[in-house]
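Take a look at the structure set out below.
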Amino acid sequence: MAATLSEMSPAEAESVYFNEYPPPKNLPNHEALARAFIDLHVEANRRVVLVTSGGTTVPLEAQTVRFIDNFSAGTRGATSAEYFLEQGYAVIFLHRQYSLLPYSRHYSHSTNCFLDFMDEAPSTSDQGRIVVRDEYQKEMRDVLRKYRYAKQNNLLLLLPFTTVAEYMFELRSLAKLMRPLGANALFYLAAAVSDFFIPRSRMAEHKIQSMEVPAHLDKGSKAAGQDDIYTGENEDQPQSQRKKLVINLDPVPKFLHRLVDGWAPDGSMVVSFKLETDPGLLVYKSRTALQRYSHHLVIGNLLSTRKWEVVFITPDAPYERWIRVPKSRRSKSISGVEDQVGLAEAQKLNGSVLAPDA
Ligand code: 9Z3
């Protein structure tokens with residue numbers, strides 16, 4: 001039996017994985033944008049952070065109708081990106097398409113529709129003109145100014161991904177392109193990356209069918225192994241006898257190893273996140289990740305408390321440090337978006353500075 005990717009060395013798994021997929025269509029364009037962005041900031045001797053944000057998907061079909069998604073709204077990544085910009089970093093924001101973005105996140109959340117911030121101008125001369133409601137003027141002006149500043153000074157590059165394979169290709173390319181930055185590069189990996197996937201070789205080409213189709217019409221709608229559990233004959237059969245779908249997923253290779261050891265520039269800093277739901281596992285899993293990949297920091301968080309508390313796991317003392325937003329500050333901001341712990345937020349609360357050379 002052929003070895004699975006998780007049984008191979010990281011370098012071997014890399015070559016098998018990346019050979020199995022065609023590179024994403026947008027990759028050359030994203031690489032060109034990133035190259036120009038990085039050149040600009042190398043020239044300015046500015047620190048550049050790659051922030052990853054949002055969840056990756058795992059398609060069940062090559063022509064994808066169904067997919068498995070990973071939890072993440074993109075709040076952590078988008079919020080942290082704003083703080084990094086405030087600290088003087090240029091930000092490459094590698095995000096799940098349509099997830100929250102820096103600055104616009106204040107007004108784009110579904111419970112926070114931008115229309116609620118607008119009104120028709122009250123004066124007769126301005127009648128019909130749309131304006132921002134008085135109570136939101138100050139906050140929106142502040143957000144707008146920061147957004148404009150980042151845009152006009154070319155400090156924020158937005159690059160979208162959807163699938164876990166796209167994410168991997170983008171991460172690898174961007175890390176390699178960031179090499180000229182050396183110690184001015186920081187990786188802040190907040191994206192929620194799928195742990196399991198269907199290898200391309202086992203993926204159905206077309207939409208997986210829940211009922212048998214005549215063999216001469218079937219151009220590849222079978223999930224690998226689906227025949228084994230087929231119980232139905234045709235559409236007239238009782239519901240209980242229609243086809244089941246059993247999905248058999250392989251572990252996604254852990255490319256953090258390759259990022260730290262191969263792709264990222266020497267001297268750069270790598271921060272990863274660990275998401276758990278069982279409080280008893282969080283510190284153990286975060287510490288294991290740090291030991292396994294030998295990077296600089298793992299920020300652990302629990303699904304249920306992620307907006308208020310995180311734990312920093314570091315290779316040196318203090319090894320484990322909890323950072324909590326005080327109860328009094330767990331209020332909603334004026335725009336209705338909850339504040340949450342981000343890296344820079346943590347810096348403010350603790351007076352520590354996290355930078356590549358810190
Ligand atoms: C996180 O733990 C993020 O903090 C959240 C943020 C996804 C919880 P939201 O976007 O949520 O604010 O709604 N990310 C998980 C990072 C992850 O999946 N890490 C992988 C791993 O540990 C790869 S580095 O294996």
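Do you know which residues across the range 178-198 are in a helix (DSSP H, G or I) and crowded, with 21+ Cβ neighbours inside 10 Å? Walk me through how you get there before you give the answer.
Of the residues in the range 178-198, the ones in a helix (DSSP H, G or I) are 179-184.
Of everything in the range 178-198, those that are in a helix (DSSP H, G or I) and crowded, with 21+ Cβ neighbours inside 10 Å turn out to be LEU181, ASN184.
ASP69 passes all but one of (1) within 14 Å of the ligand (Cβ to nearest atom); (2) crowded, with 17+ Cβ neighbours inside 10 Å; (3) modelled with pLDDT of 95 or more; which number fails?
For ASP69, the exception is condition (2).
Go through (1) within 24 Å of HIS257 (Cβ to Cβ); (2) part of a helix (DSSP H, G or I); (3) β-branched (Val, Ile, Thr) for VAL51 and report which single condition fails.
VAL51 satisfies all of (1) within 24 Å of HIS257 (Cβ to Cβ); (2) part of a helix (DSSP H, G or I); (3) β-branched (Val, Ile, Thr) except (2).
Every residue, every condition in (1) outside any helix (DSSP H, G or I); (2) on the phi < 0 side of the Ramachandran plot; (3) away from the ligand (no atom under 16 Å from the Cβ), yes or no:
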position: GLY128; (1), (2), (3): yes, no, yes
position: ARG148; (1), (2), (3): no, yes, yes
position: LEU157; (1), (2), (3): yes, yes, yes
position: GLU166; (1), (2), (3): no, yes, no
position: SER173; (1), (2), (3): no, yes, yes
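Answer yes or no as to whether MET211 is hydrophobic (A, V, I, L, M, F, W, C), touching a strand residue (DSSP E or B) at 6+ places or on another chain (Cβ under 7 Å) and more than 16 Å from the ligand (Cβ to nearest atom).
On the way: hydrophobic (A, V, I, L, M, F, W, C): yes; touching a strand residue (DSSP E or B) at 6+ places or on another chain (Cβ under 7 Å): no; more than 16 Å from the ligand (Cβ to nearest atom): yes.
So MET211 does not fit the description; no.
Look at the range 19-40 and say how many of its residues are among the aromatic types (Phe, Trp, Tyr) and modelled with pLDDT of 95 or more. Please lay out each step first, then the result.
The first filter runs over the range 19-40 and keeps only residues among the aromatic types (Phe, Trp, Tyr), leaving 21, 37.
Checking the rest, the ones that are also modelled with pLDDT of 95 or more come to 37.
Going through the range 19-40 one residue at a time, the tally reaches 1.
With the requirement that a residue be over 16 Å from THR288 (Cβ atoms), more than 10 Å from the ligand (Cβ to nearest atom) and in a strand (DSSP E or B), what does the range 301-314 give you? Write out each step before concluding.
Taking the range 301-314 as the starting set, the residues that turn out to be over 16 Å from THR288 (Cβ atoms) are 302-310.
From what's left, more than 10 Å from the ligand (Cβ to nearest atom): 304-305, 308-309.
Selection gives GLU309 alone.
Across the range 175-201, which residue is nearest to ALA90 (Cα to Cα) among those that are within 16 Å of the ligand (Cβ to nearest atom) and among the aliphatic types (A, V, I, L, M)? Give the steps one after another, and end with the answer.
Let us first name the residues in the range 175-201 that are within 16 Å of the ligand (Cβ to nearest atom), namely 175, 186-197.
With among the aliphatic types (A, V, I, L, M) added as a condition, the list becomes 175, 186, 189-193.
Numbers: ALA175: 15, LEU186: 10, LEU189: 16, ALA190: 17, ALA191: 18, ALA192: 22, VAL193: 23 Å.
Top of the filtered list is LEU186.
State whether the residues of the range 261-270 include one that is surrounded by 11 or more Cβ atoms within 10 Å (Cβ to Cβ), at pLDDT 75 or above, part of a loop (DSSP other than H, G, I, E, B) and polar (S, T, N, Q).
Going residue by residue through the range 261-270, those that are surrounded by 11 or more Cβ atoms within 10 Å (Cβ to Cβ) are 261-265, 267-270.
The next check asks that each one be at pLDDT 75 or above; those that pass are 261-265, 267-270.
Retained after the next criterion (residues that are part of a loop (DSSP other than H, G, I, E, B)): 264-265, 267-268.
Still in the running and polar (S, T, N, Q): 268.
Among the residues of the range 261-270, at least one is surrounded by 11 or more Cβ atoms within 10 Å (Cβ to Cβ), at pLDDT 75 or above, part of a loop (DSSP other than H, G, I, E, B) and polar (S, T, N, Q), which makes the answer yes.
In the range 9-66, which residues are within 16 Å of the ligand (Cβ to nearest atom) and either of a type outside the set (Gly, Ala, Ser) or more than 29 Å from LEU156 (Cβ to Cβ) (or both)?
Pass one, the range 9-66, residues within 16 Å of the ligand (Cβ to nearest atom): 10, 13-14, 17, 49-58.
The answer is PRO10, ALA13, GLU14, TYR17, VAL49, LEU50, VAL51, THR52, THR56, THR57, VAL58.
Can you name the residue in the range 247-300 that is farther than 20 Å from ALA175 by Cα and polar (S, T, N, Q) and is also farthest from the ligand (Cβ to nearest atom) among such residues?
Top of the filtered list is ASN248.
Does PRO28 satisfy the criteria of being part of a loop (DSSP other than H, G, I, E, B) and exposed (fewer than 15 other Cβ atoms within 10 Å of the Cβ)? Steps first, please.
Numbers: part of a loop (DSSP other than H, G, I, E, B): no; exposed (fewer than 15 other Cβ atoms within 10 Å of the Cβ): yes.
For PRO28, the condition - part of a loop (DSSP other than H, G, I, E, B) and exposed (fewer than 15 other Cβ atoms within 10 Å of the Cβ) - is not met.
The values are calculated or read from the model by the stated rules, or taken from the named source; none is laboratory data. The structure displayed is predicted, hence computed values, not measured ones. Virtual Cβ from ideal backbone geometry, glycine too; neighbours counted across all protein chains shown.
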